[in-house]
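Before any comments, here is the structure.
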Amino acid sequence: MLKLIWATIKERKWPVLIYSTSSILLLLLYVALYPSLQSQNQQLAEVMKNMPESFLKAFGMSSSLLTNFTLESLLASKQFSLVFQVLAAILAISIAGNDLSGEIEKGTIEFLLSQPISRLKLYFARFLSGVVLLTFFVAVSTLLAVPLAEAFNVTYVASNYYKLFLVAELYSLAVYSIAYFLSALFSSKGRVYGISAGLITAMYIAYLFAALKDSLDNLKYISFFHYFSADVLFSGTIDKVGIFIFSLIIIIGIGIGAVIFKNRDIATS
Amino acid sequence: MAKVIELHNLVKHFGEVHAVDGISFVVEKGEIFGFLGPNGAGKTTTIRCMMDFIRPQEGEIKILGKDAQKDSVSLKEKIGYLSDTPLFYGHWSVGKHFAFQQALRGCSKNLSNLLEKFDLNPKLRFSSLSSGNKRKLSIILALMNNPEILILDEPTLALDPLLQNAFHLYIENFAKTGGTVFMSSHNLSEVEKICDRVGIIKDGKMVAVEKISELKLMKMYDVSFHSENVNPKIFADKNTQIVSHTNGIVLLKVKGDINPLIKKLATVKLKDLEITHVSLEDIFMEFYSPQLNAFGNPAAENSTAGLFNGARIPSKQNKDN
């Protein structure tokens, strides 16, 4: 199984390295810009005070972020309000699509299934390789802020980044699990991409509506963007319900996917 | 002889399409078993069930006495499989495919020998290979880990005659040393040349499982005679068809009992007479052709001709007809 995991990691490494590099460059940009932004903090706070609070919230910001302007508040409003969530979702969906349905679509699944490995072993080997790759991406996108802040002599709260890593990891794995379940179900990766991306977009729209209109506030509970908000970085408080929801989705998605993949017909055209 | 592959009443339907509809047969140790049928007859579906890629609705597949689904992993250690379409990783080299398989199945003892025999460069990228080289890669992957059983779907498609010959020799030697081969093919001369027995599948049903030597003995004859002033129409009946009549030379094809024709011929003054068994290809065509029988003429309603027309829906088909 380890051989299969390692072979898959080597196979899928390039997109992960490219996404990780992009994420690192963004982190570097914000950390490097932080000292100069801090000096303009008062002006920015004045501008943002005039904006409706619900509008700021919809885009992962609040006026309190600026009244207490820290590296965490900057990253929370810029990097981890939407950019990271989108990057992680695209990467997770693309890895999942290639893992199973991509192999069926290309016809290479027969080569794998003709080897003396069980379907479940193949299923979990592919899943675990995806977990390793996503964990690498999430780790460099979150935890690397600590050494970068150190390098630029910026004050930071290290424990908040560890908490951010935990929530970001669970969010990424929850998206991955949904896409991986779809990958076990369908023989075309286009369907996996389409349905997964559609779900994430729908969740984001629900989150926006919930933030913009009080009467639609309950919509936020169906959105991953509510459970993984940038608050964790700013406030250092983990949403335990979010942790539970993400964990539940990971377990259910992977469990049902395993049953489907074990029992379905796998035939290339 | 030990039974190596056993299929009992295998059924696989895709919705209303009866791809495989209750087939049964046995392949014994050391045998080369040819699996014949036109496109859509159910050959690949049967093979995919044997390889546990797809699951039958009914029936049982046993390989080496084990259940092909429950014991799939341990069986695949002993099976060399070749798909009808060689689909591998385009950006991998040929050698990387071998390395990957060896990582999962253990080191191959005959890889260098196979590479030499089939003349394949392991440094080439799969995406740059010709269709013949892709087929060579499939063959080597099927043979390289010392399998006990070979399950091959159209193995010599796209191979040139020299390589086909090399492959046939390898397979014959493999069977002589105790290996068992199950291969589907469209190539009748190949089947005639290397197979011990054939199973013929049509519309998902087995219509014949015979030894090649017994198929050749099917009561089908080419009759040629030379006689002046004879009306060949007197020989035509439901079993005898006139192929040609030129300058007193009459060619007939006979299916079934030849004695009625012999009696008629005894009433005619003959200058020459020759009776031979028809070719194996003609016999197969008797099963294959939907409209033409072995004589190249429309099949009789009660004939076994016209059997092969791909998988279809029996009830619907009857209504349509």
Inset, instruction - For the stretch B:1-44, state which trypsin sites (Lys or Arg not before Pro) are in a DSSP loop and have at most 16 other beta carbons lying within 10 Å of their beta carbon. - result: B:LYS29
Legend entry - Cα-based equivalent ellipsoid of the stretch B:221-278: semi-axis lengths in Å, sorted from largest, via gyration tensor: 16, 12, 11
Legend entry - With Cα atoms, 0 to 90° folded angle of helix A:119-142 axis to chain A main axis: 20 degrees
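Tell me, what is the FRET efficiency for B:LYS70 and A:ILE222 to the nearest 0.05, using R0 = 51 angstrom and their Cβ-Cβ distance as r? Spell out each step's value before the answer.
On the way: r = 41 Å, r/R0 = 0.81.
About 0.80, to the nearest 0.05.
Could you give the dipole magnitude of the stretch B:107-249 about its Cα centre, charging the beta-carbon of Lys and Arg +1 and that of Asp and Glu -1, in debye to the nearest 20? Please report the intermediate quantities before stating the final value.
Values: 17 positive and 16 negative charges, 78 e Å.
Dipole magnitude for the stretch B:107-249 comes out near 380 debye.
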Inset, instruction - For B:MET206, list long-range residues whose amide hydrogen, built 1.01 Å from N in the peptide plane, is under 5 Å from its own amide hydrogen. - result: B:SER24
Legend entry - Spin-label model distance (nm) - A:LEU28 vs A:LEU82, 7 Å beyond Cα toward Cβ: 2.5 nm
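For the stretch B:37-134, what relative contact order do you get, as a whole percent, if you take Cα pairs closer than 8 Å and at least 6 residues apart?
On the way: 58 pairs, mean separation 22.3, N = 98.
With pairs under 8 Å counted, the relative contact order is 23 percent.
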Inset, instruction - Could you calculate the FRET efficiency of B:SER128 with B:LEU251 from 1/(1 + (r/R0)^6), where r is the beta carbon distance between them and R0 is 51 Å, rounded to 0.05? - result: 0.50
Inset, instruction - Provide the percentage of antiparallel DSSP beta bridges, counting only those with both residues in the protein assembly as shown; round to the nearest 5. - result: 70 percent
Legend entry - With Cα atoms, 0 to 90° folded angle of helix B:94-105 axis to chain B main axis: 80 degrees
Legend entry - B:GLN102 paired with B:GLU28, simple spin-label distance in nm, labels 7 Å along Cα-to-beta-carbon: 3.8 nm
Inset, instruction - Springs between alpha-carbon atoms under 10 Å, Gaussian network over chain A: tell me which of A:VAL167, A:VAL175, A:VAL132 tops the mean-square fluctuations. - result: A:VAL132
Inset, instruction - For A:LYS10, go through the aspartates and glutamates and keep the ones whose alpha-carbon is under 14 Å away, minus same-chain ones fewer than eight residues off. - result: A:ASP99
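Given a Förster distance of 41 angstrom, what is the FRET efficiency for A:THR237 paired with A:SER118, based on the Cβ-Cβ distance and rounded to 0.05? Can you show the working numbers first?
Values: r = 43 Å, r/R0 = 1.04.
Result of the calculation: an efficiency of 0.45.
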Legend entry - Spacing of the two label points (7 Å from each Cα toward its C-beta) at A:ASN68 and B:LYS193, in nm: 8.3 nm
Inset, instruction - At q = 0.07, 0.12, 0.15, 0.16 Å⁻¹, work out log10 I(q)/I(0) for chain B with the Debye formula, treating every Cα as an identical point scatterer and leaving solvent out; two decimals please. - result: -0.36, -0.88, -1.18, -1.28
Inset, instruction - Report the residue, chosen from B:ALA166, B:ALA41, B:ALA266, that carries the largest GNM mean-square fluctuation when chain B is represented by alpha-carbon nodes joined by springs under 10 Å. - result: B:ALA266
Inset, instruction - List the residues of the stretch B:157-190 whose backbone N lies under 17 Å from a point placed 7 Å from the Cα of B:ASN113 along the Cα-to-Cβ direction. - result: B:166-180
Legend entry - Computed log₁₀ I(q)/I(0) - Debye formula, equal Cα scatterers, no solvent, the protein assembly as shown, q 0.08, 0.12, 0.13 Å⁻¹: -0.71, -1.13, -1.24
Inset, instruction - Would you list which aspartates and glutamates come within 14 Å of B:LYS263, measuring only between C-alpha atoms, while excluding same-chain residues fewer than 8 positions from it? - result: B:ASP237
Inset, instruction - Go ahead and set up a Gaussian network model of chain B, Cα springs under 10 Å, then flag whichever of B:GLU28, B:GLU210, B:GLU16 fluctuates most. - result: B:GLU16
Inset, instruction - Give me the angle, in degrees from 0 to 90, between the Cα long axis of helix A:2-39 and the longest principal axis of the Cα atoms of chain A, rounded to the nearest 10. - result: 10 degrees
Legend entry - DSSP-loop trypsin sites (Lys or Arg not before Pro) across the stretch A:167-251, with at most 16 other Cβ within 10 angstrom: A:LYS213
Legend entry - All-pairs alpha carbon distance profile, chain A, 10 Å steps from 0, percent: 7, 28, 31, 20, 10, 3, 0
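Taken together, the values in this text are just the output of simple stated rules run on the coordinates, not laboratory data. Please read all numbers here as calculations on a predicted model, not as lab measurements. Here Cβ is always computed from backbone atoms with ideal geometry, including for glycine, and neighbour counts include all displayed protein chains.
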